[in-house]
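A short reminder: the numbers here are calculations on the coordinates, not readings from a lab. Treat the numbers as computed from the prediction; the structure is a model and nothing was measured. We place every Cβ from the backbone using ideal geometry, glycine too, and count neighbours over all the protein chains shown.
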Amino acid sequence: MKTIYTDVLVIGGGLAGLRVGIAARRRGQEVVILSLVPPKRSHSAAAQGGMQASLANVIQGLGDNEDVHFEDTVRGSDWGADQDVVRMFTHTAPKAVRELAAWGVPWSRVSGGDREVVINGERVTITERDAAHGLIAQRNFGGTKKWRTCYVSDGTGHAMLYAVSDQVIASGIPVHERMEALSLIHDAGRCHGAIARNLITGELVAYVAKATVVASGGAGRLYRVTTNAVINEGIGHAIALDTGVAALGNMEAVQFHPTGIFPAGILVTEGCRGDGGLLRDGDGHRFMPDYEPEKKELASRDVVSRRMEEHILAGKGARSRFGEHLWLDITLLGKHHIEHNLREVKEICEYFLGIDPVRQWIPVRPAQHYTMGGIRTLPSGQSRSLQGLFAAGESACWDLHGFNRLGGNSVAETVVAGMIVGESVADYCEQHDLNLSTALIREFGAREQARLDQLTDGRGSEDAQALKVRMQDIMTTKVGIFRDAEPLAAAVEELQDLIRRSRNIGLRSAAPGANPELVVAYRVQRMLKLAQCVAYGALMRTESRGAHYRADYPRRDDAQWLKRTLATWAHDDDTLPSLSYEPIDILRMELPPGWRGYGARNQIEHPDTAVRQAQVDAVRAAAGGGDRAALQQSLLPFREQLPPRYRGPNERIDEPLP
Amino acid sequence: MIESPVALPAENQTPRRLRITVLRYNPAVPEQLPRLQTYELDEAVGMTLFIALGEIRETQDPSLQFDFVCRAGICGSCAMVINGRPGLACRTLTTQLPETIALAPLPGFALIGDLSVDTGKWMRAMSERVESWLHSHDVEVDLDRAEARMEPELAEAIYELDRCIECGCCVAACGTARMREDFVGAVAVNKLARFRLDPRDQRDDADYYEVIGDDDGIFGCMTLLACDDVCPKNLPLMTQLAYMRRKMAAVGWRGSDGANHS
Amino acid sequence: MHRKAELAVPAAMAVRPRSSRMPAQLDVLQSATGVVLALFMWGHMFFVASILVSKDFMWAVTRMFEGYFFFGRSYPGVVSTLVGGILLLFVAHAALAMRKFPANYQQYRLFMSHRAAMRHEDTSLWVVQIATGFALFFLVSIHLYQMLMHPGDIGPYASSDRVWSGRWWPLYLVMLFCVELHGGIGLSRVAAKWGWFASATARQTRRRLKLLKWGVTAFLLALGLTTLAAYMKIGHEHAAQAGERYTPEQYRSVTP
């Protein structure tokens, strides 16, 4: 077996993986990036609406800063997030935007003077400051107090991915395209790289590295209706799970995006609603204000998606041959705005629906969108249980998003995590040597080859595609937006059955080379375990938090459930993950649990909440409106966890640097 | 107002029977020569080639190779030759095509198998060749400070050219590229036009001349304009090719004042 | 503390040998010679079409080119010089344009199969341009050599006799189509190549250029065919006296 040695092995060529690679390379480490597809085709490119960073350039962002972004993110997470990580993230996000600007991302810019915008269904004129002219503009997004989402028309992810990918090329970092990591090489609690399969020739290759970074994106394809690309099958999550050592955090936290095009599930950006678009029901009625009088269409995604499904259940959906759906109305934004700021949306509507969103409403229904759960790591990005394994981006759970991610925080997370984790990866490489036996590489290689041979030996009888379709159906119907004990238990049981059957898959074709059928087969074996982590975690979590909603336990239960689910897969022949729980320390929180400002207001309090709230109030009162950075630092010191180069304050129009 | 295609009630129409012919070849099985294989399937409402090919692979032929990633027309993975012309398969509705559909892999790129080609390798080589990244002397950008300003219209104009998805349609449609495989292609020229427009890129025309100022570069373009006609993102390729040609020609006639940076 | 964006090493800014400027110059020259030749052909067409007005008018145009109205007598050498210049331009243009021809059979085959699959107008027209250009190598050479050596053989009767009795009309007929197609396609390609006549949108530019190209080509072909027919008719009627030169009306009354 061919073996390639490097300092850093990055699995995943999306924004997070590429940015980790750049950081490590610039610290002098040798980096190899594996990618299922050419990196510019990664799903990062599909992020349309924008990236949150508290630049506070636009007038509607006046007064925005890291503190506001921090609070929005924690509320959005329904207090599931790690507040240290949220602090690190919100502090670094403005630097990330500015770095990308220096790398060539053509961020949309502020135009000083009057402009017309749509707010709450009304056309109003706002006046941008001349001091902001030419600076990076922000748009409105759900679950945020300020306009904070920096954007490039509605091709933000594309522009970011191209700029970062071009920097990877400029840095001479090799990207091994069409390479799929099948398992992590590990021994005695340390990761040494991965066994990968060449998706062109079918051969196995061993990559041996000091540090291995999983940045493989989400697992949307566990579901039938998803906005995710077809490559988002969670294989990065799965190979970490497969070690039996690394843990996955909060896999039951799955986000459904309110506006997937119906029925294909293709995303239309939250920017549509951020820019003033409205949701309407089968009668053409704007229904969101009835449910959420304050934030309306711009409550967080979990809340809006739930309200939409609730409204459809109440018989208010628009009927079609594929089932019921609702309408997204952006006609009020006008032709010019749609053609300049929502042009991808316009193209998608034209090509896939044959409609013109300037004149017609868009049929939408919530679709699986984001995997909050991921490889559980420290704030540095390193796994808490498997040394030398790092994770960044959607495949990680360091835990920025808790139980619900805010729109605009995912592409922001990819680059910010890349910057921070990349530095700690470089630190790790400087401090550690490669130390393993070639027998270990051979052993792992032989194990993977045996697994593949078992699939192709012609003795199995199960159809991999059928298993996959069944899994996606179970997940969509029983582990979706509304969850309940009975269907969840049924899902877990049926997934157990599918996992057993997946050990007996047989292929119809044995063509050498890529063999797409073989790819489906070995992936579905891994996906089923991952699906089971979601379903079983959801069954066990008897509360509602963020995107995890239990109809039988509709209240957020801080007393019992302010903790992360950790899933490991102990033995190959198990059909259930081993779950354990990691408590979230309220006494360290800068923002103790409370009401989110939207959604239900019925949480069960934890006794520590009142204690911590009193402490925080006392500190705030003592500070009496002084320097906000100093106050913040006394509530939750986080700066020393950041790489030194990212610790400085962020300049704003109203917060100039000396 | 509330009507849209998906809302229309299903009529009692018999669906069309599509005949999809695929040019098949698996380089891993070189003894089996390239051949045409025809699959038949019933057309469904809203069916795209993504859905049709997926159905063929799931129900008829699990060995059929093709590439889809985003299936929303934004990642550029699924470019193939559809009834003679390059295009994105994922957003091509079968209703726009006749009952007989011929699919072939994108020419001009290394074949991986059947409809799958290696555009990634080609595009990376192109990027390295023309250095399609932002070049700047300002290595000391202070990330704590506010970003440099840019006129909103200029940012939008740059994004207009930045929308390229490297799908390879322009290269596959280009007769010049077919004849001369070293031809740089519209994709590269558009990228350099994009950086030339960007004040953050500090290269000058003499620098750009170094990478595309020859007959494999901009002067190899024979203005067949198929690139402009097939570009799925409707990029203004004719305009950009002409623009770069004028700028590069000016360098060629200016004599020696286009001194290089040090 | 480092607070920098750390941009990539700008490789294009490193010192390196300068690329040759020749490709740029050859490219410009190819377009320039083509445009001059095409404009010349437009003029040429109008001058030969003067026969459609009257034999006298055509005679006068001919004499003008021979310097008759400047020097008081004809110097056919003036025509030879002009022809020589055009010949040089023609050879230069051919040499420059040849760089674009398929270099071998494989390239030819690749392009033709590409053209057949694409069914794309501008791609197909390029084949027309290559084919007509190739034909013009020979047709134009013959014509220009004749004009170079017999510059005096231009006139209402002299030209008509050449066309009809000299049996040059088949050559002119083929050459007419080749020149007009080659020139029309070439001019519009040059306009697109350099971004001339750009309209508000690229699509509009394309549409207008196309309209203009076919309009001009159709007009010139019609004019050319009519003109050729006129010379053939005169040549046919004058066949018995072939070789006799034309005397304009005004001089006929003086010389009985």
Open item on the list: Test of understanding: ordering A:349, A:150, A:397 by Cβ neighbours within 10 Å, fewest first, what list do you get?
Closed with: A:349, A:397, A:150
Task: At R0 = 56 Å, FRET efficiency that the Cβ-Cβ distance of residue A:459 and residue A:551 yields, to 0.05 - done: 0.80
Open item on the list: I'm a student and want to see the number: the projected area of the Cα convex hull of the protein assembly as shown, averaged over all directions, in nm².
Closed with: 53.1
Open item on the list: Using DSSP H assignments, which helices in chain A have an axial alpha-carbon span of 30 Å or above and a mean Kyte-Doolittle hydropathy of 0.5 or higher?
Closed with: A:516-540
Task: Inter-chain Cβ neighbour average for residues C:112-120, partner chain, 10 Å - done: 6
Task: Computed over region B:98-199, Cα set: Rg, Dmax in Å - done: 17.8, 59
Task: Nearest 10 degrees, 0 to 90: helix B:49-59 Cα axis against chain B principal axis - done: 50
Task: Cα shape, region A:587-639, gyration tensor, a/c 1.5 rule - done: prolate
Task: Globularity index of region C:52-98, i.e. its alpha-carbon radius of gyration over 2.2 N^0.38 Å - done: 1.53
Task: Convex hull of Cα atoms in region A:21-180, direction-averaged projection (nm²) - done: 11.1
Task: Charge sum, other residues only, whose C-beta stays under 13 Å from residue A:658's C-beta, Lys/Arg counted +1 and Asp/Glu -1 - done: -3
Open item on the list: Please list, ordered by chain and number, the residues whose modelled amide H lies under 5 Å from the amide H of residue A:150; skip anything fewer than 5 residues away on the same chain.
Closed with: A:51, A:52, A:53, A:139
Task: Antiparallel DSSP beta bridges within chain A, percent to nearest 5 - done: 70
- [ ] Give the shape of region B:132-262 as rounded, prolate or oblate, defined through the alpha-carbon gyration tensor: a ≥ b ≥ c are the square roots of its eigenvalues, a/c under 1.5 means rounded, and otherwise the shape is prolate if a/b is larger than b/c and oblate if not.
- [x] oblate
Open item on the list: Could you compute Rg(Cα) / (2.2 N^0.38 Å) for region A:502-565, with N its residue count?
Closed with: 1.73
Task: Table column - 3J(HN,Hα) (Hz), region A:377-382, Karplus curve with 6.51, -1.76, 1.60, x for Gly and Pro - done: 10, 6, x, 6, x, 7
TODO: Express in whole angstrom the spacing between the alpha-carbon centres of region B:87-127 and region A:569-624.
DONE: 50
TODO: For every helix of n ≥ 4 consecutive DSSP H residues, a contribution of -39,500 (n - 2.57) applies; sum these over the protein assembly as shown, divide by its total residues, and give [θ] at 222 nm rounded to the nearest 500 deg cm²/dmol.
DONE: -13500 deg cm²/dmol
Open item on the list: Using alpha carbons only, how many angstrom separate the centre of region C:108-166 from the centre of region A:373-413?
Closed with: 70
Task: Antiparallel %, DSSP beta bridges [both residues in the protein assembly as shown], to 5 - done: 70
Task: Stokes-Einstein translational diffusion, chain C - Kirkwood Rh over all Cα pairs, 1.306 mPa s, 10 °C, in µm²/s - done: 74
TODO: Grab every C-alpha pair in chain B, bin the distances at 5 angstrom width from 0 up to the longest one, and report whole percents.
DONE: 1, 5, 11, 14, 15, 13, 11, 9, 7, 6, 4, 2, 1, 0, 0
Open item on the list: Only sites in a loop by DSSP and with at most 16 other Cβ atoms within 10 Å count here; which chymotrypsin sites (Phe, Trp or Tyr not before Pro) in region A:298-388 make the cut?
Closed with: A:322
TODO: Would you mind getting the Kirkwood hydrodynamic radius of region C:164-215 from its Cα pairs, rounded to one decimal in Å?
DONE: 12.6
Open item on the list: Over chain A, what portion of Cα pair distances is larger than 35 Å, expressed as a whole percent?
Closed with: 38
- [ ] Would you work out if region A:13-110 is rounded, prolate or oblate? Take a ≥ b ≥ c from the square roots of the eigenvalues of the alpha-carbon gyration tensor; rounded if a/c is under 1.5, else prolate when a/b is larger than b/c, oblate otherwise.
- [x] prolate
Task: For residues of B:56-69, the mean tally of beta carbons on other chains within 10 Å - done: 5
- [ ] Would you grab the residues whose amide H sits under 5 Å from the one on residue A:214? Only those 5+ places off in sequence or on another chain, please, with H modelled 1.01 Å from N.
- [x] A:11, A:390, A:391, A:392
Open item on the list: Within a 10 angstrom radius of the beta carbon, how do A:311, C:114, C:236 rank from fewest other beta carbons to most?
Closed with: C:236, A:311, C:114
Task: region A:391-538 - Rg (one decimal) and Dmax (whole number), Cα, Å - done: 19.6, 51
TODO: Compute from the Cα atoms of region A:121-215 the Rg and the Dmax, the latter being the longest Cα-Cα distance, and quote both in angstrom.
DONE: 22.0, 63
Open item on the list: When 1/r is averaged over all different Cα pairs and the result inverted, which Kirkwood radius in Å belongs to region C:133-256?
Closed with: 17.0
Open item on the list: Using alpha carbons only, how many angstrom separate the centre of region A:111-187 from the centre of region B:42-73?
Closed with: 31
Task: In degrees, nearest ten, helix C:202-237 long axis to first principal axis of chain C (Cα) - done: 20
TODO: Specify, per residue and in Å³, the volume enclosed by the convex hull of the alpha carbon atoms belonging to region A:128-169.
DONE: 100
